[in-house]
Amino acid sequence: MSAVWDRLRQGLARTRERLWTPLEGTSSQVDADDLDTLEAMLLSADVGLEVCQEFLTPLRERARKDGLTFDGLQTHLVDAVERMLEGAERALPLPQPDTRPQVLLFVGVNGSGKTSTVAKVGKALAGEGQRVLLAAADTFRAAAIEQLTGLAELAGLDLIAQKPGADPGAVAHDAVERGRTRGYDAVLIDTAGRLQTKRPLMEELGKVRRVVERLQGRPPDERLLVVDASAGQNAVSQAHLFDQAVGVTGLAITKLDGTAKGGAILPIWRQLRIPILWVGVGEGLEDIETFRVTAFAQALVGREG
Ligand SMILES: Nc1nc2c(ncn2[C@@H]2O[C@H](COP(=O)(O)OP(=O)(O)O)[C@@H](O)[C@H]2O)c(=O)[nH]1
Ligand SMILES: [Mg+2]
């Protein structure tokens, strides 16, 4: 098993424990009570009622008719999770020499993990040999600029920043222009997420998008929504809001490690049908994984392939 999978498995450990610990004393045959317990646990892992029923209805039937082993239950769940997430996986396209730099705009509500994700993804792309430039276009608070500056230093990445209060569009402009003239492969733009301010966030993001479009002749190549896995139903309304402003092309789902709510990916995908590029599994710069359906299903359920 690779280190990559280890990290995802560790990140999802709390969700997995929540699912299976109550069933640990179960004999090899799973009965109706066990499935009720599993249902409660799936719900508490934020899988949602609808998804939960879809998993459990065939399992109940099978347990009643033919009997179901604990092993069979896990295998069936891995399959069911994989089937449900079909199409949810998308890798970031490689930057093309004739369209460099690839511009990635990160959006999302405050605290969802944007700034961390920008640094984590930037570091991962640099690790693949790309020349990466970060842009601190969350100019709303000095702390936000300092945070990204610190992370860029830690990750050894170049950064464009201006003073607190500067126009985010101007920061994006600086960064993309520098990206174009200095031969960067990727420009990653961090943005503000505070919804309740005098500066209307959605207008601000629309402006950043237009600034990039003017320089590149196309909008930011990716408009990535960063959502916290524990946001639950809010993730859906957040997605609609940001989609209207910038047209979201992909998701990064963060904090799968902390909450024991790793199941939230299922209803998020089911309702939004926006592909997931990365999952965040910790606070460190390395704690991010490219989203892979099979690895996720196995890590969630606790099975190795
Ligand atoms: N456990 C955990 N914490 C995370 C993850 N991603 C971000 N965080 C933490 O969440 C908090 C908010 O993150 P930040 O990137 O500043 O969010 P922003 O306001 O959207 O820019 C910080 O304390 C991060 O360290 C993750 O995947 N797992
Ligand atoms: Mg931030």
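Structure notes:
- Within the stretch 255-298, the residues that satisfy the criterion of being under 29 Å from residue 156 (Cβ atoms) and of a type in the set (Gly, Ala, Ser) are 258, 280, 282, 284, 295.
- Breaking point among (1) within 15 Å of ligand 1 (Cβ to nearest atom); (2) touching a strand residue (DSSP E or B) at 6+ places or on another chain (Cβ under 6 Å), for residue 141: (2)
- Test result for residue 279, at pLDDT below 95, of a type in the set (A, V, I, L, M) and in contact with a strand residue (DSSP E or B) (Cβ under 6 Å, 6 or more places away or on another chain): yes
- From 80, 45, residue being at pLDDT below 90 and among the small types (Gly, Ala, Ser): 45
- Residues satisfying the stated conditions in the stretch 144-191, i.e. hydroxyl-bearing (Ser, Thr, Tyr), surrounded by fewer than 24 Cβ atoms within 10 Å (Cβ to Cβ) and within 15 Å of ligand 2 (Cβ to nearest atom): 149
- Hits in the stretch 104-119 - residues which are in contact with a helix residue (DSSP H, G or I) (Cβ under 8 Å, 6 or more places away or on another chain) and within 13 Å of ligand 1 (Cβ to nearest atom): 106, 107, 108, 109, 112, 115, 116, 118, 119
- Criterion (closer than 20 Å to residue 152 by Cβ and within 16 Å of ligand 2 (Cβ to nearest atom)) met by exactly one of 103, 121: 121
- Matching residues, the stretch 100-120, being surrounded by 24 or more Cβ atoms within 10 Å (Cβ to Cβ) and among the hydrophobic types (A, V, I, L, M, F, W, C): 103, 104, 105, 106, 107, 118, 119
- Verdict on residue 23 being surrounded by 14 or more Cβ atoms within 10 Å (Cβ to Cβ) and either in contact with a strand residue (DSSP E or B) (Cβ under 7 Å, 6 or more places away or on another chain) or at pLDDT 80 or above (or both): no
The values are calculated or read from the model by the stated rules, or taken from the named source; none is laboratory data. All of these numbers come straight from a predicted model, not from anything done at the bench. Positions of Cβ are backbone-derived with ideal geometry, glycine not excepted, and every protein chain shown enters the neighbour counts.
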